[in-house]
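S.K.: Take this structure first; my questions come after.
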Amino acid sequence: MSRLLVEALAVAAKDLRTEFRTRVALNALGLFALTVLAAVSYTVGPYRITAEDRPFLLAVLLWIVIFFAALAGLDRSFVKEEESHTAPLLRLAASPTAVWLGKLGFNLVLIYFLMAILVPLYCILMGYKIQLVGGFALILVSGGYALAVITTIVAAIIARALTRGALFSVLSLPLLLPLLIFLIQGTAGAADGTAETVTSTLRAVLSMGGIMTIVSAMLFPVVWAD
Amino acid sequence: MRVADILKWLLFAWTAVVIVSAFFYVRPAEGFIGESSRIVFFHVPMAWIAVLAFLVSCITSVMYLKRRDPKDDIRASVSAGLGLLFAVLATTTGAVFARIMWNSYWNWDPRQTSITILLLIYAAYLALRGAIDDPERRASLSAVYAILAFVTVPFLVFVVPRIYWSLHPDTIINTRGSNEFDSRYTQVLMASLVGFTGLYIWLYTIGCRIEAIRQRRRQEVL
Amino acid sequence: MVSCGAMADGVRISFTDVAKRYDLRVVFRSVSGEAVPGEVLVITGPNGSGKSTLLAILCGLLRPTRGMVCHVLNGDETAREEWRNHLGVVAPAMSVYEELDAMENLRFFARVRGMNDADQRCHECLELVGLETDRRTPVRGYSTGMAQRLKIAQALLHDPEVLFLDEPGSNLDPAGKGWLGEYVHGLAAVGKTVVLATNDRDEMKWGQNHVTLAG
């Protein structure tokens, strides 16, 4: 078990190091998010939406920005391995589970990094007031986790196909849609202060993230090896 | 082959009776505009087949990953193709019904949301199959995707509509209750469900045979 | 699983009636052969005859459309999970990480293989292929020959029982080719198994067994 963790950390560290030197995924993810944020805050701004609609509509916009930023960059770690022809040697050297854990870790770092910068900026620029900050943070953390788990396994699949770019969004979206709806609900709840919605959302998001983790762990070796 | 022929004619007769009785045996249900309730006899079975085909696809995908038999991959892909067809039919008939009843083709009713996502899943599954040229890899990757989609669906069917409803209570327009319908309605709907299931099985076996022949011809080149 | 027959020490790879087909292309229809410990199996054939594809199938990276491949280690058939600890591969279609330098590359591969005294072994391998002085240059700045040397070092890192070489001499200078030929002979002499796919006349002479693929 500890050996698996060491190997997974080696994979994640390798990905972070190459990412730090090339910044391909970070640029895709970060620039996309910031551009959209700028566009949204310019066109919608803090005062266009009436006070009663704000908790919900601003939650919709926030999660759409996060989801599409994720779809712009979270496939990079797998696609890059295939495009630069490094995948076969990794396949021969590392255990599939270590690769999956490492890539998942890398995607988690990316998504949390994105959230850490994007979410405060969004709240300031859009004037998004959150009543339950703790609940909001929990929703972000659990939502980011579920998002990373689902996109990681889909990225592993599409990396092995011929046409990759569009396929990632096409395959991810049906799987992400329920998650997106949960998270929007929960965030709206956190914004207008209904703790009940927040807890029910957390339950749904965590169970979805948990199930997807188990299924991914079982199926990833198949995706990776074939 | 004889048995299959008899079954084929039986299916023909059965669906013919269902169609005729859908239009003449049942009177229009109360609370529905004009004759619009009759579409239910075709719309509901189509939606049922769209879901059934998805189930078959998922089960055969699991079997493929277990046994690595190319036939299971054929089964999964044929069923997905049929599922897409019936999902499109169910969506269209549903939209027509919605236009007559609620004056708009589309209003993101929870059921409409669910079938849309099912459509997206089918489209994604078939797009993935089209993007891999290695038969072995295509079989296992698409099987994995089918299983992932299968895991997602319960969240859609059971959780999303409920949350959605609590948000938009004014969109709860689906008020038909079983008491409004006489037993004839139930009889015809059940018969139609059986007929459509038979139709699905028939199309499915034909599809599998065609695909098997296609693969055998490729193997002959090999 | 069909058993492949028990054998003595070392790794034996036997493949029977192996075929690979893509949607629009048949790579090969039926290939059989065997690689045994202490010998070099040479796979030859014109461009596009499927040498690299066969190699990928033999090392377990690709699933054949038909046929059977058996990896037997010390008389027992090896499981897929264990198999990867026993082979090293050098192939044109398999690269190391360009953003990392030679040492980082080897250290990474050693780590994911769970090797212990990794650093010392990495230095040994770099010395072996003559890259010790360039170990801190990112691979992106390497010449193709140097990159080839690093790939060889990577393949030898964990001292594998089987070595798969796909056109290993490409981009190497004459001295490098000479060294590699001798090294491969040395490996075979101590009972390792070598599978070599090549069209190079000199390299073809390294092996005793030949499998020729038709175009």
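Every number in this text was worked out from the coordinates using simple rules, so none of it is lab data. This is a predicted model, so every value here is computed, not measured.
S.K.: Which three extents, in whole angstrom, do the alpha-carbon atoms of region A:2-225 cover along their principal axes, largest first?
M.R.: Principal-axis extents of region A:2-225 (Cα, largest first): 57, 33, 29 Å.
S.K.: Turning to a different aspect of this structure: How tilted is helix C:174-189 with respect to the longest principal axis of chain C? Cα atoms for both, answer in degrees (0 to 90, nearest 10).
M.R.: 60 degrees
S.K.: Can you give me the three principal axis dimensions of region B:2-221 from its C-alpha atoms, in Å, biggest first?
M.R.: Extents along the principal axes, in whole Å: 60, 49, 24.
S.K.: Where in chain A are the DSSP H helices whose alpha-carbon span along the long axis reaches 24 Å or more and whose Kyte-Doolittle mean is at least 1.0?
M.R.: Length and hydropathy pass: A:24-43, A:54-73, A:96-126, A:133-158, A:165-192, A:195-225.
S.K.: Where the eigenvalues come from the Cα gyration tensor of the protein assembly as shown, what are the semi-axes √(5λ) of the equivalent ellipsoid, largest first, in whole Å?
M.R.: In descending order the semi-axes read 52, 35, 17 Å.
S.K.: Please list, in order along region B:60-74, the HN-Hα scalar couplings obtained from phi with the Karplus expression 6.51 cos²θ - 1.76 cosθ + 1.60 (θ = phi - 60°), rounded to whole Hz, x for Gly and Pro.
M.R.: 5, 5, 4, 5, 4, 5, 7, 9, 6, 8, x, 4, 5, 5, 4
S.K.: Equivalent ellipsoid semi-axes for chain C, as square roots of 5 times the alpha carbon gyration tensor eigenvalues: give them largest first, rounded to whole Å.
M.R.: 28, 20, 17
S.K.: In addition: Taking Cα atoms, how many degrees apart are the long axis of helix C:118-129 and the longest axis of chain C, rounded to 10 and kept between 0 and 90?
M.R.: 80 degrees
S.K.: Quote the Stokes-Einstein diffusion coefficient, in whole µm² s⁻¹, for region C:55-171, based on the Kirkwood radius over alpha carbon pairs, a temperature of 10 °C and a viscosity of 1.306 mPa s.
M.R.: Calculated translational D: 105 µm²/s.
S.K.: Would you kindly compute the Cα radius of gyration of region B:9-108 and its largest Cα-Cα separation (Dmax), both in Å?
M.R.: That works out to 17.5, 53 Å for Rg and Dmax.
S.K.: Quick one: Karplus J couplings for region C:32-43, per residue in order, coefficients 6.51, -1.76, 1.60, θ = phi - 60°, nearest Hz, x for Gly and Pro?
M.R.: Using θ = phi - 60°, the values come out as 9, x, 8, 10, 10, x, x, 10, 10, 8, 9, 9 Hz.
S.K.: Which entries of A:Lys103/B:Lys66; C:Lys51/C:Lys205; B:Lys66/C:Lys151; B:Lys8/B:Lys71; A:Lys14/C:Lys151 have Cα-Cα distances beyond 28 Å here?
M.R.: The pairs that break the limit, which is 28 Å between Cα atoms, are B:Lys66/C:Lys151.
S.K.: Also, I was wondering about something else. Through the Karplus equation 6.51 cos²θ - 1.76 cosθ + 1.60, θ set to phi - 60°, convert the phi angles of region B:40-52 into ³J(HN,Hα) values in whole Hz; use x for Gly and Pro.
M.R.: 4, 5, 9, 5, 4, x, 4, 4, 4, 5, 4, 6, 4
S.K.: Two-decimal Rg/Rh of region C:138-214 from alpha-carbon positions, Kirkwood Rh?
M.R.: My calculation puts Rg/Rh at 0.97.
S.K.: Report the residue, chosen from A:Thr187, A:Thr197, A:Thr50, that carries the largest GNM mean-square fluctuation when chain A is represented by alpha-carbon nodes joined by springs under 10 Å.
M.R.: A:Thr50
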